[in-house]
């Protein structure tokens, strides 16, 4: 059976299980009128049966999806002639890929030969067998699970407690996914990064000033280790982030102040959704705008003022990124300002200070921790931003602090290293994971610090 | 003496007053300026976007009398759709309009006025209605992108080329066609019915739209139940312990992890470890569900938190179990908030492109995906791909695709606002 039909069939069996379980619970006590003799509501007996119908079957199905390709491949390799089995892993994989494509009926590179057609036949046979086995096993699990649960139904059976126990387990599993995601990120990035550091010393990576991964295709190449110095990427990221912050922090902060202190209700109700709109625009759209509108404009303006401006200047990317971050800064600053008790402001005004004095001398100092926390989050956002810089910043790693020059960033390099067909275990692709590790660690620290400060500060006045 | 100091203090204050008021004004107007910066950008952005993209919804068509010759289309009696020379038919029709063009190289230049899509259009026509074989049909076929751009630039005036994309002769021919009213601008259907293409006039966003749709389907199926279940557990059942604190901090951090890192996770786990297919909406959807999960959890927790405890107390006192209290009473009341959070998470997922680059969804894919494991791309990624194309006509289409994307985002956010307004209760 096809996967979709199989899943649908299992679901139907589950529904059937529900009704069978429910009606059995009623029939064991002798009809609807006597339902109060049951321990639980009749529906719970239905749910109990349905769950036992579904869970084992779905568990088998998931397990099968994970394990089946490996098992089939292993069996396929076993069936190959000895000469092919002894091929180096790369070539063997190529062969297996060809077998799979050939079996699927699509054209393959290279000529077909006896080994290939034989293997394809074996592969198709294995697949057919696996499918049959899977269908049988899943349906058996569903029926068997349902029947066992159904037979256990009797008036004293505590169906509600059982069902609630299982639901609780599901809830716990759902909330642990977040943890597993983090572990998954850390492990996947760390694992590849460690492999990378096996090839390129970590000190060369962290403190080297020359980044040109393209030259390191061959492992024995002279200087291949020297070309993974990530310092230019870090400075490039910092330069663009710095420009973005120079735009976002003053503008965002003043916007928050103006909307909280000066603007009329009407203005606030128009301006706030508009700013939220700014936050909702996808980053790829900002990138397009940066590359096609802002960058040429920056270039023209710069050149008319007599500067030499690269067409992919850090300034253009930074400016647009700054605008993207304005809503984040202004909403976090707004939260921080709102959290300062009104009595402090009233006190300052009562002593005769102007509104701006109350703001700068009383409210802002009190709100400072919250604002700093917000800025940390904004910096983390800017460092991790990808699309704007991929589209508007350069690819060449220049070690410069000149905003008119083209620089590259960590995220740009991750994308360029991984997009396109790459051999997965070259130093080049592994370098992307090492950069990812650095990016993850830095943003994690900034986020943790930012969130902590913001929360602690919020509690201070509550 | 006391009198004296008070006057001096007063004088001091009064002396400084005008300076302080000036500062106050400056501060106030700086704030106003800052507020307008963001809004001004938004204005410039939309004007620029629509200025660039609106024209992409229209396309130039050329009227041709195409002779659907049986000898060409059905040499063996049956129409041969795979190999018949439909191109030749269209070219013959065009040549009839300009009988004076006889030289080979000139003819080739003439043919370049037409899009390669013209031949496909003729083929599809015959395929749909074989009875047309042997007749001559007047068809509006798409012009090539360069002609299209020329017509759009000239805006109804007699054409004049300034870009150097077309030769002098080509511009002259276009002018002739224009004079004979054999050119028209019509709705650009290809933009919505085609997949990607190397020819700008044939490139459409349908493949990308379907890819995005399948991905969001996977995302919502996984992220919504999981997110809600996690929120219910954390808010209603989790004991106050170190572990639940860790989960809490973890979720908040996860919401701020750069999206590209999720792409690295997807590449390492789903593609390299679980060997799921590259470029598939299934993998994209899995990555996006991990990405949106924290957003949904945080929103759902807020929604659950806003249900007053009196509801729980009332249900408990009538004998409901804790699970029944949550699922029968709290959840229905928190549902609008959860839905709003989910829609906002989905709209974030729809606009996301960085993690999709990591899992191979940037390939050039012509076919419209028909399932979860077909190679596909997503709308934002299509925008990224087109933005990189050097042709001017692609810049126009990129803006059009952005307009469509923003339209969808706007719709989703509107839905969220409506749900919040109509269904949410204030306690």
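The values are calculated or read from the model by the stated rules, or taken from the named source; none is laboratory data. None of these values were measured; they are calculated from a predicted model. Cβ coordinates were reconstructed from backbone atoms using ideal geometry, including for glycine residues, and neighbour counts include every protein chain displayed.
How many residues are within 10 Å of chain A (Cβ to nearest Cβ) and closer than 26 Å to residue B:258 by Cα when one looks only at segment B:362-371?
Number satisfying all stated conditions: 2.
Which one of these does residue B:185 not meet: (1) in contact (Cβ under 8 Å) with a residue 24 or more places away in the chain; (2) under 23 Å from residue B:281 (Cβ atoms)?
With (1) in contact (Cβ under 8 Å) with a residue 24 or more places away in the chain; (2) under 23 Å from residue B:281 (Cβ atoms) applied to residue B:185, the lone miss is (2).
Scan the helices (runs of 4 or more DSSP H) fully inside segment B:52-119 and keep the ones with 3 or more residues being over 26 Å from residue B:391 (Cβ atoms).
It comes to B:70-73, B:86-97.
Could you tell me how many of the residues in segment A:279-296 are closer than 16 Å to residue B:40 by Cα and exposed (fewer than 14 other Cβ atoms within 10 Å of the Cβ)?
Residues meeting the conditions: 0.
Of these, A:308, A:276, which one is more than 30 Å from residue B:354 (Cβ to Cβ) and surrounded by fewer than 23 Cβ atoms within 10 Å (Cβ to Cβ)?
A:308 is the lone residue from the list that is more than 30 Å from residue B:354 (Cβ to Cβ) and surrounded by fewer than 23 Cβ atoms within 10 Å (Cβ to Cβ).
Mind listing just one residue for me: the one in segment B:268-285 that is assigned to a helix (DSSP H, G or I) and farther than 16 Å from residue B:375 by Cβ and, of those, farthest from the other protein chains (Cβ to nearest Cβ)?
B:273
Need the failing condition index for residue A:387 against (1) surrounded by fewer than 22 Cβ atoms within 10 Å (Cβ to Cβ); (2) over 21 Å from residue A:250 (Cα atoms), just the number.
So the condition that residue A:387 fails would be (1).
Which condition breaks for residue A:394 when tested against (1) away from chain B (no Cβ under 12 Å); (2) surrounded by fewer than 24 Cβ atoms within 10 Å (Cβ to Cβ); (3) in a helix (DSSP H, G or I)?
For residue A:394, the failing item is (3).
Quick check: is even one residue across segment B:251-260 over 21 Å from residue A:454 (Cα atoms), part of a helix (DSSP H, G or I) and more than 8 Å from every other protein chain (Cβ to nearest Cβ)?
The answer is no, given that none of the residues of segment B:251-260 is over 21 Å from residue A:454 (Cα atoms), part of a helix (DSSP H, G or I) and more than 8 Å from every other protein chain (Cβ to nearest Cβ).
Kindly provide the set of residues from segment A:406-429 that are in a loop (DSSP other than H, G, I, E, B) and surrounded by fewer than 20 Cβ atoms within 10 Å (Cβ to Cβ), ordered by number.
Selection gives A:419, A:420, A:421, A:422, A:423, A:424, A:425, A:426.
For residue B:207, only one of the following conditions fails: (1) out of contact with any helix residue (DSSP H, G or I) (no Cβ under 6 Å at 6 or more places or on another chain); (2) more than 9 Å from chain A (Cβ to nearest Cβ); (3) in a helix (DSSP H, G or I); (4) surrounded by fewer than 21 Cβ atoms within 10 Å (Cβ to Cβ). What is its number?
Unmet for residue B:207, out of (1) out of contact with any helix residue (DSSP H, G or I) (no Cβ under 6 Å at 6 or more places or on another chain); (2) more than 9 Å from chain A (Cβ to nearest Cβ); (3) in a helix (DSSP H, G or I); (4) surrounded by fewer than 21 Cβ atoms within 10 Å (Cβ to Cβ): (4).
Would you point out the residue of segment B:300-322, among those that are away from chain A (no Cβ under 14 Å) and buried (at least 18 other Cβ atoms within 10 Å of the Cβ), that is modelled with the highest pLDDT?
Per the stated criteria, the residue is B:315.
Would you confirm whether or not segment A:299-306 contains a residue that is within 14 Å of another protein chain (Cβ to nearest Cβ), modelled with pLDDT under 95 and assigned to a helix (DSSP H, G or I)?
No, the conditions are met nowhere in segment A:299-306.
Say whether the condition of being surrounded by fewer than 18 Cβ atoms within 10 Å (Cβ to Cβ) and within 14 Å of chain B (Cβ to nearest Cβ) is met by at least one residue in segment A:122-144.
Among the residues of segment A:122-144, not one is surrounded by fewer than 18 Cβ atoms within 10 Å (Cβ to Cβ) and within 14 Å of chain B (Cβ to nearest Cβ), which makes the answer no.
So which residues in segment A:233-259 are in contact with a strand residue (DSSP E or B) (Cβ under 9 Å, 6 or more places away or on another chain) and facing chain B (nearest Cβ under 7 Å)?
Matches in segment A:233-259: none.
Residue check, residue B:43 against (1) closer than 30 Å to residue B:110 by Cβ; (2) modelled with pLDDT of 90 or more, all met but one. Which one?
That leaves (1) as the condition not met.
Give me the residue from segment A:260-271 that is within 10 Å of chain B (Cβ to nearest Cβ) and closer than 22 Å to residue B:44 by Cα and, out of that set, surrounded by the fewest Cβ atoms within 10 Å (Cβ to Cβ).
Going through the qualifying residues, I end up with A:270.
May I ask you to list the residues in segment B:369-389 that are part of a loop (DSSP other than H, G, I, E, B) and within 21 Å of residue B:271 (Cα to Cα)?
B:369, B:370, B:371, B:372, B:373, B:374, B:375, B:376, B:377, B:378
Only one residue in B:154, B:197, B:212 is surrounded by fewer than 21 Cβ atoms within 10 Å (Cβ to Cβ) and over 30 Å from residue B:81 (Cβ atoms). Which one?
Sole residue among the options that is surrounded by fewer than 21 Cβ atoms within 10 Å (Cβ to Cβ) and over 30 Å from residue B:81 (Cβ atoms): B:154.
If you go through segment B:232-249, how many residues are at pLDDT 90 or above and at the interface with another protein chain (Cβ under 8 Å from one of its Cβ atoms)?
So the count comes out to 4.
Given the conditions (1) modelled with pLDDT under 90; (2) within 9 Å of another protein chain (Cβ to nearest Cβ); (3) not in a loop (DSSP other than H, G, I, E, B), and given that residue B:419 satisfies all but one, which numbered condition is not satisfied?
(2)
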